[in-house]
Amino acid sequence: MKNSIYCFLFLALVSSNLSGQTQDQKLKDFDAYIQKSQAEWRAPGMAVAVVKDGKVIFKKGFGVRELGKEDKVDTETLFSCASTTKAMTATCIGMLVDEGKLKWDDLVNTHLPEYQLYDPAVTRELRIRDLLTHNSGVGNTDFLWGAMDISTKEMLNRMRLVKPTYSFRASFIYQNLFYVAAGQVIEKVSGKPWEVFIQERIFTPLGMSRTAPKRKYIKDNNQVTPHFEVEKKIKPIGYTKDDEVGPAGSVWSSIDDMSKWMACMLDSSKYAGGRLVKAATWAEMFKPAVIVPADQFYPTMQLIKPNWTTYGLGWFQHDYKGKKINYHTGSLDGLTAIHAQLPDQKLGIYVFGNFDHAEVRHALVYKAFDVFALGGTTDWSKDFLTLYTGIREKGEKELKDFEAKRVLNTTPSLPLADYAGKYADPLYGEVEITVSENSLKIDINHFVKASLQHWHFNTFRGPYEHDWNGKALANFVLDVNGKIQKVNLEGMDFAKAKK
């Protein structure tokens, strides 16, 4: 009996000692895993933070801000939060709900009567929560800021011209412009622009002194440069112009500051000075609101194999090893982010990157959940790299197959000069085409440019001005009289102006 007691005490002591050592070792191993994974994915720079039980247990910068330069990423280096901004915007809406200034199920028309959609019935029935759940029936409208430089007001005004892709609340298609509309609701109800409101109500209270609602407000050079792989070589590229879609994804921050945001969100929005929203409001944001079809989720789900996939108010959700995960990615050209939570374990991870769609971010999420909570030895970086390499190779094959179908030795139906001129569409804007030697120079909305050569028949193809955007494809359609009627550019139709 005495020996059994001694044995029990000895094992308890050893277990206690190993517990401390194990956590230490876990952190060292996780650090090493990040470095290994970063090398595998060739990401120039990253920053990672892990929060557990209200404490930051890991926080570190990796690599460089820009290839070819010596400046290192540290915990104060600024990255784009991109679409992880959406959870912040949803929280701002929650604050106004708490103040009784609006309700989740208020009609949008009540607060934003100028916001009209193509279908009057949808305009009439659209609720505040519909702005945050991507199930309006309107398909992707990123061309309104990716292919033209127009104001927020004009972007929202053109939404009335976008035909529905599916029935209202019948499915899910990711939609940035509805979060922009949510930002306008915040301004109408609070009397303050979204960028002022979020600064005063989230960044300042949480002490996020290195966080800016838009990149134009950044005052120092400790920020990353985006990178893209072009013809097998990783190179620095320009920044995406995203100021006009602020509430959908324009926040820039450091991993220091995002640690504070993570801790707050994991603890039902509590922080040292109180809480951002009421407990019930916080819970409402994380309730599954929409079922997300498999083809609308990241390919990583092919390996995670969740039983269900949903979207709340600013958060994707799915199950992993029997636990609910809340997460959101952020992606701009050359920049990535991910914020993921395992709420049952009070565990969260945030990952920044400065390399286009380097899905090492996903690998680190599930590795962190395995290491610090759920157990498991899967090398997610290796597995995801294999998955995405296969996807890339499939895309390259499809491109080769497309190019192989080119019909050789054809000529355009008309002289090149006949293809020149001005084209327009009320939704997509304007295109001006000029002839330069044997090429067509395409200028879309004085914002996107490309140089196209004859491909076959009345189709032209060639590189965009920014080579990381690949090649443009233009197909000209002739009317019954053999005159050019319109041009289709990347799925957008522009009618030729009559002289």
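The values are calculated or read from the model by the stated rules, or taken from the named source; none is laboratory data. Remember, predicted model here, so these are calculated numbers, not experimental data. When we count neighbours, we look across all protein chains shown, and the Cβ atoms used for this are built from the backbone with ideal geometry, even at glycine.
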Answer from N458, N488 - the residue that is among the polar types (S, T, N, Q), touching a strand residue (DSSP E or B) at 6+ places or on another chain (Cβ under 7 Å) and in contact (Cβ under 8 Å) with a residue 24 or more places away in the chain: N458
Residue within the stretch 323-331 that is of a type outside the set (K, R) and out of contact with any helix residue (DSSP H, G or I) (no Cβ under 8 Å at 6 or more places or on another chain) present: no
Test: L67 is modelled with pLDDT of 95 or more, more than 30 Å from E200 (Cα to Cα) and outside any helix (DSSP H, G or I): yes
Among the residues listed as E490, E430, E465, the single one being surrounded by 11 or more Cβ atoms within 10 Å (Cβ to Cβ), touching a His at 6+ places or on another chain (Cβ under 9 Å) and among the acidic types (D, E): E430
Qualifying residues in the stretch 217-275 (those that are in a helix (DSSP H, G or I) and of a type in the set (S, T, Y)) - the one surrounded by the most Cβ atoms within 10 Å (Cβ to Cβ): S259
Yes/no for L414 being surrounded by fewer than 17 Cβ atoms within 10 Å (Cβ to Cβ) and either closer than 26 Å to K163 by Cβ or touching a residue at least 24 places away in the same chain (Cβ under 8 Å) (or both): yes
Single residue of the stretch 78-107 satisfying the filter (part of a loop (DSSP other than H, G, I, E, B) and within 24 Å of the chain's Cα centre (by Cα)) that is surrounded by the most Cβ atoms within 10 Å (Cβ to Cβ): C81
Yes/no for K397 being of a type in the set (K, R), surrounded by 12 or more Cβ atoms within 10 Å (Cβ to Cβ) and in a helix (DSSP H, G or I): no
Any chance F369 is closer than 27 Å to W282 by Cβ and not in a strand (DSSP E or B): yes
Pair list, Cβ under 9 Å, 6 or more apart: the stretch 316-333 residue closer than 16 Å to D370 by Cβ, other residue among the charged types (D, E, K, R) and assigned to a strand (DSSP E or B): H318/K324; I325/D319
